[in-house]
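Below is one structure; the comments refer to it alone.
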Amino acid sequence: MRLALRLFALLILLVIATVPNFTSITTFAEEGGNPCLEGCINEETSCTGGCGYNMSCIQNCKKQYDKCAAGCAPLND
């Protein structure tokens, strides 16, 4: 019985791990094929990656991303 429960739990975890996260903005950009938004995402990721634990730096990067993404919004329609 324990083995069956462990196998079932493992299968559930595998399903959860392999289902894509459709709420991710990155997923939306890739599915929409919007190179502008993909550029904004890549830029924000590299910017925040260089910030380390500096929260003011991270917030600044996110503000820059929001401005960039807003400029790409008309391309999504």
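Summary table below
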| item | result |
| --- | --- |
| Estimated inter-spin distance, Met1 and Asn54, nm [label 7 Å along Cα→Cβ] | 5.8 |
| Packing-based order for 35-42, 62-69, 6-13, using average beta carbon neighbours within 10 Å, highest first | 35-42, 62-69, 6-13 |
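Values quoted throughout were computed directly from the atomic coordinates according to the rules given, and no laboratory measurement underlies them. None of these values were measured; they are calculated from a predicted model. Neighbour counts run over all protein chains shown; Cβ positions are idealised from the backbone, glycine included.
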